[in-house]
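For reference, the structure discussed in these notes is given below.
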Amino acid sequence: MILPDLSWLEHSMSWLIENYGLPGVFIVSLIGNSIPYSTIPYLVLIALYGATLPLEKQILVAIVGGLGAALGKVVVLMLGRAARTVLSEDARDNLEVFLKLSKRSMLFAIFVFAALPLPDDVLYMPLGVTGYSTTRFFISVLAGKIIITWLTIGFSDLIIAPFIAFPVWVQILLLLIITVVLTYIIIKIKWIRVVKACPEGGMVKGIQIFFEELV
C-alpha cells in the first residue's frame, strides 16, 4: 500500500516551532490533530522544543499545544458528524438514546483518550456520528491534551504511540477498521431495549440485552 510521503510536513512543522515558538506550537498541534489517523509525531517535535525551556514556559507550551490539539480534534468530530447526515431517522433516534445512556461515562472516556497516547480518533469519529455535544467534547479534550503535551515534554522517551513498531500503512488500516467496527456497533445496537431492560430487570438484565444486541 503506497501512502504519500509526509516527511516534508514534519520538516515544515519543525521549522514553524523553531522559528515562531508558541504560535508555531499552536499551528503544529492544530494540524497534527485535525488530520484523522495522522501518524505525524507532532508531540515529539513539541517535546524537543519544550525540553530546552524553563518551567514557566513549558507550562505555556503545554497550554497552547493543548488548545491547538483540542481544536484539531473538533475538526475530526465535525468530520464524523458529516457522516450522520446519511443515517436513517431510526438510526438517529437510536443514537440519541445511546448519548443519554453514556452521557457521564463518555465525558471521562474522551478525557482518557486525549490524555493518554491512545489512537483517539477511533473514539472521536464515531462520537461525531452520534452528534455528541461539541462544547462537552472540546472541554474534555482540552484538559486531556494539555496533560499529554505536558507529560510529553517531561517524559518524551516514555510517551510513545503503541503502534509505532508497525509500518504507517498498517497503523492507518488498523485504526480505520477499528473505527468502522465501533461505529457500526454503536449505530446497530437498539439502545432503547437496553435502557428499558434496566428498570424492569436491573443492571444484569440490561447487560444481557446489550450482549444480545451485540451478537
Fill in: Potential lengthening between Val75 and Thr52 on full extension [0.36 nm per residue; Cα-Cα distance subtracted]
5.2 nm
Practice prompt. Give the accessible surface of segment 34-117 per residue, rounded to a whole number of Å², with probe radius 1.4 Å and ligands, DNA and RNA excluded.
Written response: 51
Worksheet item: Between Gly68, Ala109, Gly50, whose Cα lies farthest towards the positive end of the dipole of segment 15-141 when Lys and Arg beta carbons carry +1 and Asp and Glu beta carbons carry -1, centred on the Cα centre?
Response: Ala109
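The values are calculated or read from the model by the stated rules, or taken from the named source; none is laboratory data. Please read these numbers as outputs of a predicted model, since none were measured by experiment. Backbone-built Cβ (ideal geometry, glycine too); neighbour counts: all protein chains shown. With ligands, DNA and RNA removed, areas are computed over all heavy atoms of the protein, side chains included. Shrake-Rupley method; radii C 1.70, N 1.55, O 1.52, S 1.80 Å.
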